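First up is the structure itself, then whatever we jot down about it.
The values are calculated or read from the model by the stated rules, or taken from the named source; none is laboratory data. Bear in mind the structure is a predicted one, so any value in this text is a computation, not a measurement. Glycine gets a Cβ as well: all are built from the backbone with ideal geometry, and neighbour counts include every protein chain shown. Accessible surface areas use protein heavy atoms only, side chains included; no ligands, DNA or RNA. Shrake-Rupley method; radii C 1.70, N 1.55, O 1.52, S 1.80 Å.
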Amino acid sequence: MGSKTIRKKQIIITNILAIFVASTLAILSKVMLPSAVNVEDFNSIFVKVLGFQIVASLYFIMIYTHSAVVTQLFGKNAKLSNIQIGMRFGICFGLIFLLGMQEVVVSASPFSKWGLGFVRYQFFMGIGEAVVAFALCTIISMLTIENKKSECLREDTRYNRVLTVALIALTFTAERVIAYKTGIISSDIETFPVPSYGWTILFGIILGCCYEILYPIFSEDKNPVSQSFKLVVAAIGLSWIIFNSFIGWILDGAMAEVLIRSGLDVTIFFITALGIRKHAIKNINIKRGCHEGNNP
């Protein structure tokens, strides 16, 4: 009993230290960039009361706390090696941060129009967060999850992986286009239609790839609702929501829209994933029935 208590304390301390170091490194990666951002433009109540530096620090602590907790919480039951668990979570969170930065919201950048300068600036703004997320998840998996000497990854042949990615990308794109056109969320779709549509399709593909990368970690949960909620909402979705919330923390009146924006994304993603899993289970049951029917 005593050793278990010590182990829990070690895990908590390791998580706290890792999150603190990750947040510090992410902040330093921003500070080192030649930035044209005027901090005085950030006018939210949070910035006025706490200051931009503290708000930014709290944001990084939140997003890396989520990354660490999800890796440790769901990784400990996965039938994969520690390095596989850490790398899979790290790659997915890193892709979300890196590609999320490229969303065509020019008004929230130092630029007046979309172009190579915008893409390059957003890339360097996101690459630091992405690399740190990858390192954090890998370290958390290696140090806080019981060592798994063997990798027991079973191939899931119940559905077409390319089709899964395509369906997730399609439903995400459809949801975003409807939201853009109806004005549910603001966008630069009218001003910069090609990059806006291009980013939407690309990010939908990224979400589909993240689903496929993380699926083996959650595959032991055979309940489609539970599995899809953990994978899509708790892991990928909450990370996307926290990432989007940064604009809400620094710009007055922006929080409601960013939560609606990311909330709609996650809702459609969850519904799509749930449909994919239920359809896959239905197919395997049909195949098993036919196979069993041929046996004497």
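Does anyone have the angle between helix 2-31 and the longest principal axis of the chain? Alpha-carbon axes, 0 to 90°, nearest 10?
Roughly 40 degrees, rounded to the nearest 10.
When the Cα centres of the stretch 81-97 and the stretch 112-132 are compared, how far apart do they sit, in Å?
Cα centroid of the stretch 81-97 versus Cα centroid of the stretch 112-132: 21 Å apart.
With runs of 4+ DSSP H residues as the only contributors, calculate the mean residue ellipticity of the chain at 222 nm using -39,500 (n - 2.57) per run, divided by the residue total and rounded to the nearest 500. Mind showing how you got there, number by number?
Working: 10 runs with 213 residues, N = 296.
The helix-only estimate for the chain comes to -25000 deg cm²/dmol at 222 nm.
How would you rank 79-88, 254-263, highest first, on the average number of other Cβ atoms within 10 Å across their residues? Please list the in-between numbers first.
Values: 79-88: 20.6, 254-263: 17.1.
Taking the mean over residues of other Cβ atoms within 10 Å, the ranking is 79-88, 254-263.
Take K79 and T267, extend 7 Å from each Cα along the Cα→Cβ direction, and tell me the distance between the two endpoints in nm.
Distance between label points: 3.6 nm.
Taking all protein chains in place and a 1.4 Å probe, what share, in percent, of the accessible surface of the stretch 8-292 do carbon and sulfur account for?
Roughly 70 percent, rounded to a whole number.
Pick from I45, I61, I91 the residue whose mean-square fluctuation is largest in a GNM of the chain, springs joining Cα atoms under 10 Å.
Checking each option, the largest mean-square fluctuation is seen for I45.
Per residue, how many Å² of accessible area does the chain show with a 1.4 Å probe?
Spelled out: the 1.4 Å probe surface of the chain, per residue, equals 52 Å².
Could the peptides 229-238, 51-60, 168-177 be put in order, highest first, of the mean number of other beta-carbon atoms found within 10 Å of their residues?
229-238, 168-177, 51-60
Students sometimes get this wrong: rank V105, V49 by accessible area, probe 1.4 Å, all chains present, largest first.
V49, V105
Scan (i) 20.5; (ii) 22.8; (iii) 22.1 for the value of Kirkwood radius over Cα pairs in Å calculated from this model and give just the label.
The value matching this structure is (i).
Excluding H66 itself, calculate the net charge of residues whose Cβ lies under 14 Å from the Cβ of H66, where each Lys or Arg counts +1 and each Asp or Glu counts -1.
Details: positive: K230; negative: E129.
The answer is 0.
Which whole-Hz ³J(HN,Hα) couplings does the stretch 252-262 yield from phi under the Karplus relation 6.51 cos²θ - 1.76 cosθ + 1.60, θ = phi - 60°, glycine and proline marked x?
With the stated coefficients, the stretch 252-262 comes to 5, x, 8, 4, 4, 5, 5, 6, 5, 4, 6 Hz.
Springs between alpha-carbon pairs under 10 angstrom, Gaussian network model over the chain: which of F134, F123, F97 fluctuates most?
F123
Against the longest alpha carbon principal axis of the chain, how many degrees, from 0 to 90 and to the nearest 10, is the axis of helix 116-144 turned?
50 degrees
As an exercise, use a Förster radius of 25 Å and the Cβ-Cβ distance of I184 and F111 to find the FRET efficiency, rounded to the nearest 0.05.
Efficiency, rounded to the nearest 0.05: 0.50.
Which ³J(HN,Hα) values, rounded to whole Hz and listed in residue order, are derived for the stretch 164-178 from phi using the Karplus coefficients 6.51, -1.76 and 1.60 in 6.51 cos²θ - 1.76 cosθ + 1.60 with θ = phi - 60°, glycine and proline given as x?
4, 4, 5, 5, 5, 5, 5, 5, 4, 4, 4, 4, 5, 4, 4
Could you compute the net charge surrounding S57? Neighbours are other residues with a C-beta less than 15 Å from the C-beta of S57; K and R count +1, D and E count -1.
Residues close to S57 contribute a combined charge of 0.
Residue by residue through the stretch 228-241, what is 3J(HN,Hα) from phi via Karplus (6.51 cos²θ - 1.76 cosθ + 1.60, θ = phi - 60°)? Round to whole Hz and write x for glycine and proline.
5, 5, 5, 6, 7, 8, 5, 8, 5, x, 5, 4, 5, 5
Between the stretch 208-229 and the stretch 40-78, how many Å separate their Cα centres?
With the stretch 208-229 and the stretch 40-78 each reduced to a Cα centre, they are spaced 25 Å.
When the solvent-accessible surface of protein heavy atoms is calculated with a 1.4 angstrom probe, in what order do F218, F111 fall, highest first?
On the way: F218 10, F111 70 Å².
Greatest to least solvent exposure: F111, F218.
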